[in-house]
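Here is the structure we will look at, set down as structure tokens.
The values are calculated or read from the model by the stated rules, or taken from the named source; none is laboratory data. Note that this is a predicted model, so its numbers are computed, not measured. Methodologically, a virtual Cβ is constructed for each residue, glycine included, from the backbone with ideal geometry; neighbour enumeration extends over all protein chains shown. Quick note on the areas: whole protein, heavy atoms, side chains included, nothing else; ligands and nucleic acids left out. Shrake-Rupley method; radii C 1.70, N 1.55, O 1.52, S 1.80 Å.
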Amino acid sequence: MQAAEHAAVGAEPGAAEPAPRPATLLQHSPYQAPAGFSAVQPATHRASTVLFANVAAMRARDWRHKTGYTYGLHGTPTTFMLEARLAEIEGAVHGLLCPSGLSAIALVNLALLQQGDAVMLPANVYNPSRDMAQTLLSGWGIALQVYSPMDLAATQAAITPQTKLLWLEAPGSVTMEMPDLRGLVALARQHGLVTAIDNTWSAGLALKPFALGIDISMQALTKYQSGGADVLMGAVLTRDEALQDKLLDAHMRLGLGVGGDDASLVLRGLHSLHLRYHAHDQAARRVATWLQRRPEVQTLLHPAFPGSPGHAHWVRDCSAAAGLFSFTFQPQITAAKVDTFVDALRLFKIGYSWGGPVSLVVPYDVAAMRGASWPYASPLVRLSIGLEDPDDLIADLDQALRVTLG
Ligand SMILES: *Cc1c(COP(=O)(O)O)cnc(C)c1O
């Protein structure tokens with residue numbers, strides 16, 4: 001028995017090539033993608049370990065050049081493909097994926113800022129970005145300077161010799177003011193600042209940051225590119241080689257890679273991105289038009305509507321709008337009544353994020369976020385218009401207004 005078992009694994013010198021043991025067989029598959037096979041979707045490559053043909057190839061590894069695969073964290077064909085496609089959409093040259101939109105913001109900050117520097121954020125910035133600057137960055141000796149996104153003169157006055165990075169957000173994703181991006185970029189150039197835009201709202205479609213001279217575009221792919229409200233991912237894009245070198249170094253050192261499954265979900269989402277984005281846009285404008293005429297509504301905050309802050313900048317710089325907008329109620333409608341209105345909605349679900357198939361609603365206490373600089377009523381209600389029929393959404397808003405305020 002023992003001898004036979006031994007023979008089966010080929011211990012005898014000169015015997016035929018041994019058959020691998022079961023545990024080994026289970027790990028090594030002779031599978032090769034069939035020659036002549038072609039499909040619409042690329043294969044999904046999942047890898048932590050990347051194998052090298054020999055020691056020389058391993059020693060020659062070069063994670064900085066994207067043709068050289070070195071380790072899953074530094075990229076696979078699936079993640080490189082998504083980075084390349086995002087760069088193509090937005091007119092960038094380089095792209096880097098991060099595990100979330102917020103980690104993409106962190107990547108830009110950590111790659112470009114050092115102790116003693118200052119970073120400028122608009123007062124209407126995505127709130128977790130401000131929180132990162134107020135806590136982590138300030139703890140590392142990087143100062144936060146908050147600027148008024150609609151006031152170029154005040155922004156210029158706030159720049160100091162320490163200022164290195166100017167973040168832009170167009171529009172602010174809660175209060176929806178569309179800043180003068182061209183004016184802000186000119187200011188940044190004059191003072192030698194790097195500009196980075198949180199371009200999540202445009203999905204890389206409605207606004208082209210590189211055509212405006214912005215250095216870095218950051219996106220939360222979690223929103224429109226994913227489209228399913230079920231993936232978390234971010235991206236940082238640039239045309240500038242020197243900036244890309246810094247971003248790539250920090251991306252590697254911070255370990256911000258993403259898995260192949262998530263990347264392929266976003267790749268699949270890209271096929272319908274253009275259609276979805278414009279459907280969200282059209283439906284949102286239809287719902288906003290209806291809301292604007294309601295007597296309970298005081299201010300509509302949607303950059304494509306005349307009278308909304310920065311509308312002229314939207315007309316000048318944007319080709320479409322996202323399915324996102326906010327509105328305030330007449331002052332006699334109390335915060336408690338606004339909450340009741342939100343609770344009475346049926347199709348609109350209460351939840352953060354946006355860009356997914358289901359419409360979402362969140363009430364925000366903007367006065368607390370913005371202080372005296374907020375000129376409109378508070379609370380504000382933000383709607384993310386999903387892919388439902390807009391007439392059903394209007395009927396839902398109508399019944400909630402009647403139930404709670406009528
Ligand atoms: C959602 C969002 C982010 C962050 O994206 P996550 O993937 O949720 O971390 C950043 N900026 C804006 C404007 C966003 O709406």
(message) Using only alpha-carbon positions, what ratio does the radius of gyration of the range 69-270 give when scaled by 2.2 N^0.38 Å?
(response) 0.96
(message) Under 8 Å for C-alpha pairs, at least 6 residues apart: give me the relative contact order for the chain, rounded to a whole percent.
(response) 15 percent
(request) Report, by chain and number, residues whose modeled amide H sits under 5 Å from the one on Gly351, excluding near sequence neighbours (fewer than 5 apart, same chain). (result) Val361
(request) Hey, can you find the accessible area per residue of the chain for me, probe 1.4 Å, expressed in square angstrom? (result) 47 Å²
(message) Using the Karplus curve 6.51 cos²θ - 1.76 cosθ + 1.60 with θ = phi - 60°, what ³J(HN,Hα) values do you get for each residue of the range 266-277, in whole Hz, with x for Gly and Pro?
(response) 5, 4, 5, x, 4, 4, 9, 4, 5, 4, 5, 4
(request) Provide the percentage of antiparallel DSSP beta bridges, counting only those with both residues in the range 145-260; round to the nearest 5. (result) 40 percent
(request) Determine ³J(HN,Hα), in whole Hz, for all residues of the range 341-346 in sequence, where each value follows from phi through the Karplus function 6.51 cos²θ - 1.76 cosθ + 1.60 and θ = phi - 60°; x replaces Gly and Pro. (result) 4, 4, 5, 7, 5, 10
(message) Given Cβ point charges of +1 (Lys, Arg) and -1 (Asp, Glu) and nothing else, what value in debye, to the nearest 20, does the dipole of the chain about its Cα centre take?
(response) 400 debye
(message) To check you understand DSSP bridge types, tell me what percent of the beta bridges within the chain (both residues inside) are antiparallel, rounded to 5.
(response) 60 percent
(request) Take every DSSP beta bridge whose two residues both sit in the range 69-270, then give the antiparallel share in percent to the nearest 5. (result) 40 percent
(message) With a 1.4 Å probe and all protein chains left in place, how much of the accessible area of the range 273-405 comes from carbon and sulfur atoms, in whole percent?
(response) 56 percent
(message) Can you show me the helix-derived [θ] at 222 nm for the chain, built from DSSP H runs with n ≥ 4 at -39,500 (n - 2.57) apiece and divided by the number of residues, rounded to the nearest 500.
(response) -10500 deg cm²/dmol
(request) Quick one: pull the percent of accessible area on the range 69-270 belonging to carbon and sulfur, 1.4 Å probe, ligands and nucleic acids left out. (result) 53 percent
(request) Classify the range 273-405 as rounded, prolate or oblate, taking a ≥ b ≥ c as the square roots of the eigenvalues of its Cα gyration tensor: rounded when a/c is under 1.5, otherwise prolate if a/b is larger than b/c and oblate if not. (result) oblate
(request) Quick one: which residues, 5+ away or cross-chain, put their amide H under 5 Å from the amide H of Ile197? H built at 1.01 Å from N. (result) Leu168, Ile216, Ser217, Met218
(message) Please list 3J(HN,Hα) in residue order for the range 84-97, calculated via the Karplus relation 6.51 cos²θ - 1.76 cosθ + 1.60 where θ = phi - 60°; whole Hz, with x for glycine and proline.
(response) 5, 5, 5, 4, 4, 4, 9, x, 8, 10, 10, x, 9, 8
(request) In whole Å, largest first, what are the principal axis extents of the Cα atoms in the chain? (result) 94, 53, 38
(request) For Leu324, list long-range residues whose amide hydrogen, built 1.01 Å from N in the peptide plane, is under 5 Å from its own amide hydrogen. (result) Ile385
(message) Can you give me the C-alpha center-to-center distance between the range 24-91 and the range 278-312, rounded to a whole angstrom?
(response) 45 Å
(request) Among the lysines, select those whose C-alpha is under 29 Å from the C-alpha of Lys349, and discard any that sit fewer than 8 residues away in the same chain. (result) Lys223, Lys337
(request) Using only alpha carbon pairs under 8 Å that are at least six residues apart, calculate the relative contact order of the range 69-270 and give it in whole percent. (result) 31 percent
